[in-house]
Amino acid sequence: MLILASQSPRRSQLLRNAGISFTAQPADIDETQFAEENAADYVRRLARGKALTILSNAAADAVVLGADTTVVVDGAALGKPADARDARRMLQLLGGRRHEVMTGVCVAWKNPRGEAEVLVECEVTEVEFCQMSDEEIAGYIASGEPMDKAGAYGIQGLASRWIPRVNGCYFNIVGLPVARVSQMLKEARQRGAHL
């Protein structure tokens, strides 16, 4: 039984679209980034923390998938905006340049001794973002779409009009690198996970 340690509707939809059966159970962990922690280490740590939090109370045969996505500009991680002003700041920062989207992914399960086994990886996709006018930014924020997304945009929605190119996994930008997840689940199965 696979458990997705997330309440993200986008991650759930990506798994369903790929034909991967799961149940969803969000994990509540502190998502504060440590000082001097780079973005890749940050998303890997959060993905691992989410997966292990759910695994600790799960059935012995459970397999848990944890993930965390962030947008990275000049080495700094941009999470979800706190408010409209923060969303505006992020969109102005992204406009007219390239940035990276990083998703940490963790697959965790219990071995026969009841100990946690984990696979943890990070997917990186480069995104090119067009310059947005002040009016476009204001209209986009007014739509509400930026408010629950890392970096204040969703490539699968209205923001698609400002993203001419990506280099890497598109689904990673949406919130889950599906092909990588599939390979990790296959490896977990080979290592004894009940999938």
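State which stretch of the chain is the longest one without any exposed GluC sites (Glu not before Pro), exposure meaning a DSSP loop state and at most 15 other Cβ atoms within 10 Å.
116-195
As a check on your grasp of the helix formula, calculate [θ] at 222 nm for the chain: sum -39500 (n - 2.57) over DSSP H runs of n ≥ 4, divide by the residue count, round to the nearest 500.
Roughly -10000 deg cm²/dmol at 222 nm, from the helical runs in the chain.
List, in order, the whole-Hz ³J(HN,Hα) value for each residue of segment 113-121 obtained from phi through the Karplus relation with A = 6.51, B = -1.76, C = 1.60 and θ = phi - 60°; use x for Gly and Pro.
For segment 113-121, the Karplus curve yields 7, x, 8, 6, 10, 9, 10, 10, 9 Hz.
Residue separation times 0.36 nm, minus the C-alpha to C-alpha distance between E36 and E136: what's the value?
Contour length minus the Cα-Cα distance gives 32.6 nm.
Test of the criteria: in segment 155-191, which trypsin sites (Lys or Arg not before Pro) are in a DSSP loop and have at most 12 other Cβ atoms within 10 angstrom of their Cβ?
For trypsin sites (Lys or Arg not before Pro) across segment 155-191 that sit outside H, G, I, E and B with at most 12 neighbouring Cβ atoms in 10 Å, the list reads R191.
Taking springs between alpha-carbon atoms closer than 10 angstrom, which of A138, A108, A150 fluctuates most in the Gaussian network model of the chain?
A138
How many percent of DSSP beta bridges within segment 2-190 run antiparallel, rounded to 5?
Expressed as a percentage, antiparallel bridges in segment 2-190 total about 85.
Excluding G104 itself, what net charge comes from residues whose Cβ is under 14 Å from its Cβ, given Lys and Arg +1 and Asp and Glu -1?
-1
Where a number appears in this text, it was derived from the coordinates with a stated rule and is not lab data. If you're wondering where the values come from, they're calculated on a predicted model, not measured in any experiment. We place every Cβ from the backbone using ideal geometry, glycine too, and count neighbours over all the protein chains shown.
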